[in-house]
Amino acid sequence: MSAKNDDSKKAGVLSAFRQELQLAANARAINELDLAFQHYERAHILSQKYTFPHIKSHLGMLQIGWLRKDRREIFGQCVRVFAALIFSRIWVP
């Protein structure tokens with residue numbers, strides 16, 4: 001694949017990522033936390049190869065955990081934020 005195709009693919013993925021983040025924010029604004037979480041999960045899948053977007057998706061899920069007062073989710077997302085910072089560039093399933 002050429003560099004131009006790689007750049008085009010990356011732009012498309014990151015555009016879809018930003019759309020999912022916006023949909024999550026819209027859902028949060030009307031207190032639809034389950035729907036917001038689903039959008040953050042989709043954003044997460046899209047962002048796994050890109051460190052900072054990947055972290056941002058986990059931070060969104062962390063916010064939902066916080067709003068729900070879900071200690072397990074909060075702990076899990078804190079661990080995942082740290083792991084995303086370290087592993088996004090070297091290992092993606």
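The values are calculated or read from the model by the stated rules, or taken from the named source; none is laboratory data. Since this is a predicted model, take the numbers as computed values, not measurements. Virtual Cβ from ideal backbone geometry, glycine too; neighbours counted across all protein chains shown. Remember, those area values only see protein heavy atoms, side chains included, never the ligands or the DNA or RNA. Shrake-Rupley method; radii C 1.70, N 1.55, O 1.52, S 1.80 Å.
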For residues in segment 46-73 being free of Cβ contacts under 8 Å to residues at least 12 places away in the same chain and aromatic (Phe, Trp, Tyr), which is least open to solvent (accessible area, probe 1.4 Å)? Phe52
Selection status of Val79, of a type outside the set (Phe, Trp, Tyr), open to solvent by less than 100 Å² (accessible area, probe 1.4 Å) and modelled with pLDDT under 95: no
Could you look through segment 1-51, keep only residues that are basic (Lys, Arg) and within 18 Å of Gln63 (Cα to Cα), and pick out the one that is farthest from the chain's Cα centre (by Cα)? Arg28
Checked against (1) crowded, with 19+ Cβ neighbours inside 10 Å; (2) over 29 Å from Asp6 (Cβ atoms); (3) out of contact with any Phe, Trp or Tyr (no Cβ under 6 Å at 6 or more places or on another chain), Tyr40 satisfies every condition except (2)
